[in-house]
Amino acid sequence: MLLWVFKAFKESIMRILFSVALLLNVSFFLFTRQLHYYGPSMFFSLLIAYLWAQPGISFLRLWGIGLGLFFLNLNNYLSGFLVTVILIFDYFFYKRHQEPLQIRQILPVLVPVLFSGAIIYLDWNPFRTVLGEKLAANTLK
């Protein structure tokens with residue numbers, strides 16, 4: 001985060017403000033204590049945001065975003081889902097409407113996300129549990 005801020009802002013006041021805000025953020029330190037879980041989530045979320053925020057579209061960067069989403073989904077599928085929703089929202093309402101993506105450009109992002117979703121569904125499927133079978137049998141279908 002600091003490297004990105006130091007690259008983006010040349011003014012020292014912005015660098016100081018961000019550094020102080022990061023150092024005094026209690027939640028950040030509480031979450032980073034659990035690095036085996038939150039560390040990869042923070043890293044992949046930041047990687048995706050960094051690659052997405054760069055101007056222009058390159059095939060390699062889209063694959064980087066797709067792989068970042070793949071690993072983020074496998075690490076924390078809720079964060080992966082939310083980052084995907086944010087990217088879609090940004091694409092349609094804020095940033096990418098000036099530079100629309102073609103279908104072949106969306107595939108490097110979409111394929112890893114769908115593949116990680118399939119892995120998660122096959123491994124963690126609540127309907128394959130005893131409670132899930134009971135819930136599925138008692139739904140409206």
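The values are calculated or read from the model by the stated rules, or taken from the named source; none is laboratory data. On a predicted model such as this, the values are computed, not experimentally measured, just so you know. Cβ: placed from backbone, ideal geometry, glycine included. Neighbour counts: every protein chain shown. Note: areas computed on protein heavy atoms with side chains; ligands, DNA, RNA excluded. Shrake-Rupley method; radii C 1.70, N 1.55, O 1.52, S 1.80 Å.
When the Debye formula is applied to the Cα atoms of the range 61-101, each taken as the same point scatterer, what base-10 log of I(q)/I(0) results at q = 0.21, 0.27 Å⁻¹? Taken in order of the listed q values, log10 I(q)/I(0) reads -0.68, -0.91. Where a ≥ b ≥ c are the square roots of the eigenvalues of the C-alpha gyration tensor, would you call the range 1-62 rounded, which needs a/c under 1.5, or, failing that, prolate if a/b is larger than b/c, or oblate? Since a/c reaches 1.5 but b/c is at least a/b, the shape of the range 1-62 is classed as oblate. Evaluating 6.51 cos²θ - 1.76 cosθ + 1.60 at θ = phi - 60° for every residue in the range 12-19, the Karplus couplings come out as 5, 5, 5, 5, 5, 4, 5, 4 Hz, glycine and proline recorded as x. Per the Debye calculation on the chain with a single equal scatterer at every Cα and no solvent contribution, log₁₀ I(q)/I(0) for q = 0.12 Å⁻¹ amounts to -0.65. Model label sites at F28 and W63, defined 7 Å from Cα along the beta-carbon direction, differ in position by 3.3 nm. Subtract the Cα-Cα distance of F43 and R128 from 0.36 nm times their separation in residues, and report this length gain in nm to one decimal. Extra length from F43 to R128 when fully extended: 27.4 nm. Each peptide in 115-122, 77-84, 26-33, 64-71 was scored by the mean count of other Cβ atoms within 10 Å over its residues; highest first, the order is 64-71, 77-84, 115-122, 26-33.
The relative contact order of the chain, computed from alpha carbon pairs under 8 Å that lie at least 6 residues apart in sequence, is 20 percent. Note on the range 50-69 and the range 1-17: Cα centroid distance 22 Å, given to the nearest whole angstrom.
For the chain, the carbon plus sulfur part of the accessible surface works out to 75%, probe radius 1.4 Å. Maximal additional length on extending the S19-L2 stretch stands at 5.4 nm, based on 0.36 nm per residue less the C-alpha distance.
The residues of the range 4-120 expose, per residue, 67 Å² of accessible area to a 1.4 Å probe. Altogether, the Stokes-Einstein calculation at 10 °C and 1.306 mPa s, with the Kirkwood radius of the range 61-141 over Cα pairs as Rh, returns a diffusion coefficient of 110 µm²/s.
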